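Any read-out appearing in this document is the output of simple, stated calculations on the displayed coordinates, not a laboratory observation. Quick caveat: nothing in here was measured; it's all calculated off a predicted structure. Every residue, glycine as well, gets a Cβ built from its backbone with ideal geometry; the counts of neighbours run over all protein chains shown.
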Amino acid sequence: MLNPEERIIEVLRHNRVDFLSSLPCDRIKSLLERMKKAFFPVPLTREEEGVGISAGIALAGKRPAMFVQSSGVGNMINALLSLTGFYELPLALFISHRGIYKEGIAAQVPMGKRLPGILKGAGIAYAAISTVDDIRTIEKKLPLVYDKNRIQAFLLSPAVFEEVCDSAAISPPSCPVRSSTVKDSAKELKPLMSRYDMIREIAPLLDGKVIVCNLGIPSKELYALKHQPSNFYMLGSMGMATPIGLGISLASNREVVVIDGDGSILMNPGTLATAAHLNPSNLTIIAVDNSSYGSTGGQPTLTGSCVDLAALAQGFGIGTVIRAAGKKQLRDALRERAPKLKFIHALALPGNAKVPNIPLDHMENKRQVMAFIRGAQGFD
Ligand SMILES: Cc1ncc(C[n+]2csc(CCOP(=O)(O)OP(=O)(O)O)c2C)c(N)n1
C-alpha cells in the first residue's frame, strides 16, 4: 500500500509531469524531499518566479507543477493571472494549506482562511484535498490541466500527511567557505546607446534564437527592429522575463536570450540566484540598464543611485558576467562563448524610440514561439 506522499508522486508520474518548482512548507517537507528524487527540481527564492519558470517550461511543451505554501499564493497572483491564465498555459499548483488544521502559527490563519475566496475571486479552479481519499480528486483533475491548458490548485490539508510528514531525512545544505574580500574587477564604463540602439546592434545575432523580451516598450522596439516567430513579447507580468527564459532553457535545447530591464530585475532579483544554481548553458540574460522605468515615463530606478546589476549577478553566483556599453562590446559580449549561463550588464541611456504597438495577438505569439521550440531537436 502506498502512503499519501507516494500516491501523489505516482499521480504526477502517471501524468508525465517533468519539472517541479517548490518553496518549502514544514507540513509537506518529506513529500518535497521525495519529489526531488522523482522529478527535475527547481528550488525557488519566491513563488512568483516559479510561475514564470513554469510558463517557460509550458511554452517548451513540457509539464510543470508547483508545490508551495498557502502564504506563497499571495506572492504569485499577478503572474498567475497575467501570464499563465492570459496565455492559457497549464499549471498544477499544489498548495500546503496552512491555518485550517491544527495550526500552531497564528499568522498563517488570515491567508489560509481566505485562500479559497482569493482563488475563487481570481477565477482559479481549486479542489480541497482534506483526506487521503481525496487524492482521487487529483487523479481525476490533473490530466485536464495539461490537456486543456488550465491552472488547477489542489489545497493540501496537513491532515493528509499527518502520519508520514516527519519520515524523510532532509538533505543538508552545503556551506561553502567564502573569501573575506570581494574582488572588484569592473572597468569604468558609461552608457553610450539607448535601448533601441542596443537592440538594433544585436538584432543580427538573435537569428534562430528564442528571445524573451521585457514587457512594454522594449518588446515594441524589438518587434519594430527584428520580428521573428521565436520572439516572445511578454505582457503584463513585470519581472517574469528572466524566469520565462530560464524555464524555456531548462525544458528545450534552444538557445535562449532574455532582454530584461533594470526595473524588472529589481522587482524579482532572486531569480538570478535560481538561474545561477540551475546554470543552463543555453541561456543569456541581457540586463538593459537604463537606470529607469522606461516604459512608464522614465522614472529613475535604484541602479542610477546605488545598485550595480553586474555585482548583483556575481553575488548571486552567475559565473559569466560581462559589462558592455559600446556597440562592439555589446556584440562581443553576446558572441562570447560561456561554459554556462551568461549575464550581460548592458549600460544604456534612458529614452524610448517612437514605435507602434505590436499588431500580433498574444495567443498567436504563443503559438508561433511554441511551434518554433517544438521544431528543435528537443529532449523527447
Ligand atoms: C507588477 C507591475 N508593476 C508595475 C507595472 C508598470 N510597468 C510596466 S513596464 C514598467 C517599467 C519596466 O522598467 P524596466 O524593466 O527597467 O524596463 P525599461 O522599460 O526601462 O526598459 C512598469 C513599472 C507593471 N506592468 N506591473
Exercise for review: Could I have the simple spin-label model distance between residue 164 and residue 148, label points 7 Å from Cα toward Cβ, reported in nm to one decimal?
Suggested key: 2.8 nm
Practice item. Quote the relative contact order of the chain in percent (integer), defining contacts as alpha-carbon pairs under 8 Å separated by 6+ residues. Key: 18 percent
Practice item. Search the structure for amide H atoms under 5 Å from the amide H of residue 320, placed 1.01 Å from N in the peptide plane, and list their residues when 5 or more places away or on another chain. Key: 343
Revision key, fill the gap. Cα-Cα longer than 22 Å, checked against 209/342; 62/141; 36/102, kept in input order, equals 36/102
Check your understanding: Counting pairs of Cα atoms in the chain, how many percent are more than 38 Å apart?
Key -> 21 percent
**Study point:** Integer Hz, Karplus 6.51/-1.76/1.60 couplings in order for the stretch 255-261, x for Gly and Pro
**Key:** 6, 10, 10, 9, 9, 10, x
Check your understanding: Once you put a point 7 Å from the Cα of residue 371 and another 7 Å from the Cα of residue 331, both along the Cβ direction, what distance in nm separates them?
Key -> 3.2 nm
Review point. Can you work out ³J(HN,Hα) from phi for every residue in the stretch 212-218, in order, using Karplus 6.51 cos²θ - 1.76 cosθ + 1.60 and θ = phi - 60°, giving whole Hz and x for Gly and Pro?
Key: 9, 10, 3, 5, x, 5, x
Exercise for review: Estimate the FRET efficiency between residue 279 and residue 6 by the formula 1/(1 + (r/R0)^6), using the beta-carbon distance for r and 30 Å for R0, to the nearest 0.05.
Suggested key: 0.45
Check your understanding: residue 96: net charge of surrounding residues, Cβ under 12 Å, Lys/Arg +1, Asp/Glu -1, itself excluded?
Key -> 0
Practice item. List the extent of the Cα atoms of the stretch 4-161 along each of their three principal axes, largest first, rounded to whole Å. Key: 41, 31, 28
**Study point:** Where trypsin sites (Lys or Arg not before Pro) in DSSP loops with at most 15 other Cβ within 10 Å are excluded, longest remaining stretch of the chain
**Key:** 188-336
**Study point:** Share antiparallel - DSSP beta bridges, the chain, percent rounded to 5
**Key:** 5 percent
Revision key, fill the gap. Diffusion coefficient in µm²/s returned for the stretch 49-94 by Stokes-Einstein, Kirkwood Rh over C-alpha pairs, 4 °C and 1.567 mPa s, is 124 µm²/s
Point to revise | Linear extension gain, residue 354 paired with residue 113, 0.36 nm per residue minus alpha-carbon span | key: 82.0 nm
Review point. Along the principal axes of its C-alpha atoms, what lengths does the stretch 240-380 span, in descending order and rounded to whole Å?
Key: 47, 38, 30
